[in-house]
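Every number here is computed from the coordinates shown, using simple stated rules; none is lab data. Quick caveat, the model's predicted, so the values are computed rather than measured. Using ideal geometry, Cβ is built from the backbone for each residue, glycine included, and neighbour counts are taken over all protein chains shown.
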Amino acid sequence: MSTSAINTETNPTRILVLGATGGTGKLIVSQALARGYEVTALVRSAEKGRELVGAKLVLGDARDEAALRQALQGQDAVISALGTPASPFKEVTLLSTATRALVSAMQAEQVSRLVAITGIGAGDSVGHGGFVFDRLIYPLLLRNVYADKNRQEDIIRESGLDWVLVRPSVLNNKLGRGSPRALESLSGFHGGTIARDDVASFVINQVNADTWLHRSPLVTW
């Protein structure tokens, strides 16, 4: 994990944020603006984006490649904080559909850096969420969501982009502590929580750092 200061003269300064109106997305936008980044947010309506003060708003659907290409013009990097509600009975496709369109748009607009948030339970982190998450929440509420998160991760891994997949442990809205752990080996790890504030900070760090390039760290306290 990189904790070095951002040099805005030599490093990317223009970020497109998807999922910017969600709980973590709003923090990503505000923290990135505070660090001196120029932030663009793709939002479905001006009303939904009214809290993103200081960000440039582009109206559109994250599944629409044309809208994504418009939003990507002049950008240096993309942060995807896309999420979707629990769906215990219906198949979920939003994340993979939007990510497939995003990858195509990024390739067309020659934007290479993508930092995407998925979650504990995706890929090889499955089974490490703790008893309640693994035995109750995941199978009863999130099974379809995580099937789509896995498709999303596969699309990103095969994209040829400069990607980082960030898998937070169970999110909360507490104050950030400032020093989350970033784990690849999950042997012996079961459970854990982390503040959205700390996830946002870690994700923004990855815009310029190569420490976790083409890797999938789990971030937790």
message = For the stretch 71-117: of the residues being in contact with a strand residue (DSSP E or B) (Cβ under 6 Å, 6 or more places away or on another chain) and among the polar types (S, T, N, Q), which is nearest to ARG196 (Cα to Cα)?
response = SER80
query = Would you pick out the residues in the stretch 27-81 that are within 10 Å of VAL17 (Cβ to Cβ) and without any contact (Cβ under 8 Å) to a residue 40 or more places away in the chain?
reply = VAL29, VAL39, THR40, ALA41, LEU42, VAL43, LEU52, ALA55
query = When you go through LEU142, LEU102, LEU114, LEU95 one by one, which is the residue that is surrounded by 14 or more Cβ atoms within 10 Å (Cβ to Cβ), in contact (Cβ under 8 Å) with a residue 24 or more places away in the chain and either among the basic types (Lys, Arg) or farther than 22 Å from VAL207 by Cβ (or both)?
reply = LEU142
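Residue by residue, here is whether (1) over 18 Å from LEU114 (Cα atoms); (2) within 15 Å of the chain's Cα centre (by Cα) holds:
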position: THR13; (1), (2): no, no
position: LEU42; (1), (2): no, yes
position: ALA46; (1), (2): yes, no
position: ARG50; (1), (2): yes, no
position: GLY54; (1), (2): yes, no
position: ARG69; (1), (2): no, no
request  = Can you tell me which residue within the stretch 188-221, out of those that are surrounded by fewer than 18 Cβ atoms within 10 Å (Cβ to Cβ) and among the polar types (S, T, N, Q), is nearest to VAL17 (Cα to Cα)?
outcome  = THR211
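Being basic (Lys, Arg), surrounded by fewer than 20 Cβ atoms within 10 Å (Cβ to Cβ) and in a helix (DSSP H, G or I) is the filter here, so list the residues in the stretch 13-69 that pass it.
Kept after step one, since they are basic (Lys, Arg), are these residues of the stretch 13-69: 14, 26, 35, 44, 48, 50, 56, 63, 69.
Filter once more, so that each one left must be surrounded by fewer than 20 Cβ atoms within 10 Å (Cβ to Cβ): 14, 35, 44, 48, 50, 56, 63, 69.
Scanning the stretch 13-69 gives a single hit, ARG69.
Please tell me if GLY129 is buried (at least 18 other Cβ atoms within 10 Å of the Cβ), of a type outside the set (A, V, I, L, M, F, W, C), in contact with a Pro (Cβ under 8 Å, 6 or more places away or on another chain) and within 24 Å of PHE189 (Cβ to Cβ). Don't jump to the end; show me each part of the working.
On the way: buried (at least 18 other Cβ atoms within 10 Å of the Cβ): yes; of a type outside the set (A, V, I, L, M, F, W, C): yes; in contact with a Pro (Cβ under 8 Å, 6 or more places away or on another chain): no; within 24 Å of PHE189 (Cβ to Cβ): yes.
For GLY129, the condition - buried (at least 18 other Cβ atoms within 10 Å of the Cβ), of a type outside the set (A, V, I, L, M, F, W, C), in contact with a Pro (Cβ under 8 Å, 6 or more places away or on another chain) and within 24 Å of PHE189 (Cβ to Cβ) - is not met.
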